[in-house]
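Some notes on the structure that comes next.
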Amino acid sequence: MPSGSGLEFCLWKYVLVWLMGAGFFLLLNPLAACLINRIWAEENERFSGAGDKGGPSRDKPGRRHCRMFKGKFSLRPLAMGFLGGLTALLCAAYGGFAGGISGLWLMLFFGLLAVAAVVDQETMEIPDCLPMAVGLLSVAAMAGEPNLLLQISLGERLSGLFSVSVPMLLLALAVPGAFGGGDIKLMAACGMFLGWKLNLLALFFAVMAGGLWGIWLLARGKAGRKDFFAFGPFLCMGMAAAVFWGDALLGWYCRAFLP
């Protein structure tokens, strides 16, 4: 049993990691706000270019403005800070509190995913710069720690490029509107980071969570059968679940259902 000083040190270590993660995610808020406002500005320009004298209305996608830095109270910064602190604790525990580099790579990865989730939730779009940033991070991670990060080989990472993105693309071509282009590009980039196994598992978690959310919206009358909602946040949550609990879930499934 740790002594009083040892226990106090452990508590301060957790608090410090949480504060660092919360601060990092809070610093990402301006990036998310800029991307949101840029997308809405582009949509406003498209409406204006099409001769829409009335501008964006409540039924058009360019109608809102980002509340992050408009002087209005928003819970998003608080939610981002809390999520960042929680993510930092999970990443630190995964990579080891003694300075494991894997935890740092994961923190950067989930920071980009948090921005993608916020932007997609607000605009129903994931700008190309975010999948590109995830792809560059994946290349940097492979160069800096080719086999240690998540214990995923180079072959699994290259397979991850196509394991989810290609089926999503084919489904989107067969069923227009099934997935957005940003979702497909994000999963391709994340496949390089996670490898094909975790990427497939992330899609499974995302489909399950998104399906439950859609059922809830229908049951509450908040959406119709032909309405759409942002799927990017569910993809990001699915990737977090796959990284932190995927191995445990796969192990339980194999023990329970496979001979």
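Checking each residue in the stretch 165-187 for being in contact with a Gly (Cβ under 8 Å, 6 or more places away or on another chain) and closer than 16 Å to ALA240 by Cα picks out ASP183, LEU186. Can you find even one residue in the stretch 221-238 that is within 24 Å of LEU158 (Cβ to Cβ) and without any contact (Cβ under 8 Å) to a residue 12 or more places away in the chain? No, the conditions are met nowhere in the stretch 221-238. Number of residues in the stretch 14-44 that are free of Cβ contacts under 8 Å to residues at least 24 places away in the same chain, closer than 23 Å to GLY85 by Cα and polar (S, T, N, Q): the value is 0. In the stretch 172-190, the residues that are at positive phi reach residues that are part of a loop (DSSP other than H, G, I, E, B) and not charged (D, E, K, R) with C-beta atoms within less than 8 angstrom, at least six apart or across chains, in these pairs: GLY177/PHE228.
Read the figures in this text as sums done on the coordinates, not as results from a lab. Source: prediction; values computed, not measured. Cβ atoms come from the backbone with ideal geometry, glycine included; neighbour counts cover every protein chain shown.
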